[in-house]
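The values are calculated or read from the model by the stated rules, or taken from the named source; none is laboratory data. For clarity, every value in this text was computed on a predicted model and none was experimentally measured. For neighbour counting, all protein chains shown are included, and Cβ atoms are generated from backbone atoms with ideal geometry for every residue, glycine included. Just so you know, the surface numbers come from the protein's heavy atoms only, side chains and all, with ligands and any DNA or RNA stripped out. Shrake-Rupley method; radii C 1.70, N 1.55, O 1.52, S 1.80 Å.
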Amino acid sequence: MNVFWPAGMTALTATGAILLITAGVAHALRPAQHRAVLRTHRLFPTKWSPVVAATTTGAELLVGSGVLFVLSTASANHEWPAAAQAALYSAFAAYAAVLRTRRAGVPCGCFGAEKVSWAVVARAVVLAAGSAGYGTNGAVPDRWSCVAAGVVLAMANHLLPAWRGIAGGKPGRRG
């Protein structure tokens, strides 16, 4: 197998973990805003929004931290955290696809995305696939360069939409 694939999967897995932790922290710091966005989606009963918000926040923090821990320790038990991250991003992709299909134009609640788009769905699918690939192949021996690439990708994912908002004359959204 080409060394590019495991390195790419490791970088995507690190990116996904960092984005999950960042989203979890943002949701934990602004739970009322997170619940309001979920209510706007109207994909489940309104009374469920506190439970769904708390569950997604906890899952983001737990899964992202677990994967980042496995990446930093080169644990041989990387399969379960990577599978959990792949499953979480798959669920996010499915949710975003349903949201885009049924309620296009509503706020996404994703990093920098003002409304749900197919790009948001594609990002979740790519991060799910990367995490699944990492779970299958494991990290490359020089995983730190891949983790560093993951940090850069995560920063680009968060900062580019904010920069576009500033360049366009309106402040960028976060969280």
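Quick one: pull the percent of accessible area on region 5-95 belonging to carbon and sulfur, 1.4 Å probe, ligands and nucleic acids left out. Of all accessible area on region 5-95, carbon and sulfur atoms account for 73 percent. Put simply, when 5-12, 34-41 are sorted by average Cβ atoms within 10 angstrom per residue, most first, you get 5-12, 34-41.
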